[in-house]
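The values are calculated or read from the model by the stated rules, or taken from the named source; none is laboratory data. For clarity, every value in this text was computed on a predicted model and none was experimentally measured. Here the Cβ positions follow ideal geometry from the backbone for every residue, glycine too, while neighbour counts run over all protein chains shown. Surface accessibility is based on the protein's heavy atoms, side chains included, excluding ligands, DNA and RNA. Shrake-Rupley method; radii C 1.70, N 1.55, O 1.52, S 1.80 Å.
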Amino acid sequence: MPFEVVSRSEAQTEALAAAFARLLKPGDIVFLTGQLGSGKTFFIRAAARELGIKEPVTSPSFTMANSYFGRTTVHHLDLYRLGEFGPADAVDFEPFFEDDAITFVEWPEVAMPLLEAPAAEIHLDHVDEHSRRISFKVSGNLSKGVERLIEDAGN
């Protein structure tokens, strides 16, 4: 079931990402899609901070993957530069989908057929210079939590 909220500021997006992160558990995979500059890495950075990551979270556009260690392990993948994603790539990326980590994947479209189904898909769109439409597609236990998160955001 999709849920949608319009964030009017970076502070509101940061609060939404932190609240969302509190719903996640090790083993969860989160896909993030949206236009360039729509705030995918910003969202992940705020979520990672909430998960106890102290070091700077940066976009792994050129390395394709970064791992961070806090209260839980957080993997951040950015598949933007991949032209294709085959079975050999899936094997190479397997360690980033371990059960004791939370994995965020930006630009997952190229790999979706070969990746495990995510616990959540988040899509960010520009509304204007400061506002973003954030859509959450979640399943299972996350549904009620995201529904409350959206209600609390006042949309």
Problem set entry | Positions within segment 14-35 being more than 12 Å from residue 142 (Cβ to Cβ) and crowded, with 22+ Cβ neighbours inside 10 Å, in sequence order | 16, 17, 31, 32
Exercise. Quick check: is even one residue across segment 80-88 of a type outside the set (Phe, Trp, Tyr), in contact with a helix residue (DSSP H, G or I) (Cβ under 8 Å, 6 or more places away or on another chain), surrounded by 15 or more Cβ atoms within 10 Å (Cβ to Cβ) and not in a loop (DSSP other than H, G, I, E, B)?
Worked result: no
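Just a yes or no: is a residue in segment 99-111 under 26 Å from residue 14 (Cα atoms) and at pLDDT below 85?
Within segment 99-111, the subset under 26 Å from residue 14 (Cα atoms) is 99-109.
Remaining after also requiring at pLDDT below 85: 99.
Within segment 99-111, one or more residues are under 26 Å from residue 14 (Cα atoms) and at pLDDT below 85.
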Exercise. In segment 122-155, what count of residues is obtained for those that are of a type in the set (A, V, I, L, M) and open to solvent by 80 Å² or more (accessible area, probe 1.4 Å)?
Worked result: 0
Exercise. Across segment 89-99, what is the number of residues that are in contact with a helix residue (DSSP H, G or I) (Cβ under 8 Å, 6 or more places away or on another chain) and either within 12 Å of residue 109 (Cα to Cα) or without any contact (Cβ under 8 Å) to a residue 24 or more places away in the chain (or both)?
Worked result: 0
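Can you find, within segment 89-121, the residue that is surrounded by the most Cβ atoms within 10 Å (Cβ to Cβ) among those that are in a loop (DSSP other than H, G, I, E, B) and in contact with a Pro (Cβ under 7 Å, 6 or more places away or on another chain)? Quick ask: steps written out before the conclusion?
Residues of segment 89-121 that are in a loop (DSSP other than H, G, I, E, B), as a first pass: 98-100, 107, 115-119.
Restricting the remaining residues to those that are in contact with a Pro (Cβ under 7 Å, 6 or more places away or on another chain) gives 99-100, 115.
Numbers: 99: 7, 100: 8, 115: 19.
Of everything passing the filter in segment 89-121, 115 is surrounded by the most Cβ atoms within 10 Å (Cβ to Cβ).
I'd like to know if segment 36-57 contains one or more residues that are of a type in the set (S, T, N, Q), under 24 Å from residue 133 (Cα atoms), open to solvent by 20 Å² or more (accessible area, probe 1.4 Å) and under 16 Å from the mean Cα position of the chain (by Cα).
Step one: of segment 36-57, the residues of a type in the set (S, T, N, Q) are 38, 41.
Filter once more, so that each one left must be under 24 Å from residue 133 (Cα atoms): 38, 41.
Those still in the list that are open to solvent by 20 Å² or more (accessible area, probe 1.4 Å) too: 41.
Pick out the ones that are also under 16 Å from the mean Cα position of the chain (by Cα) and you get 41.
The answer is yes; a qualifying residue exists.
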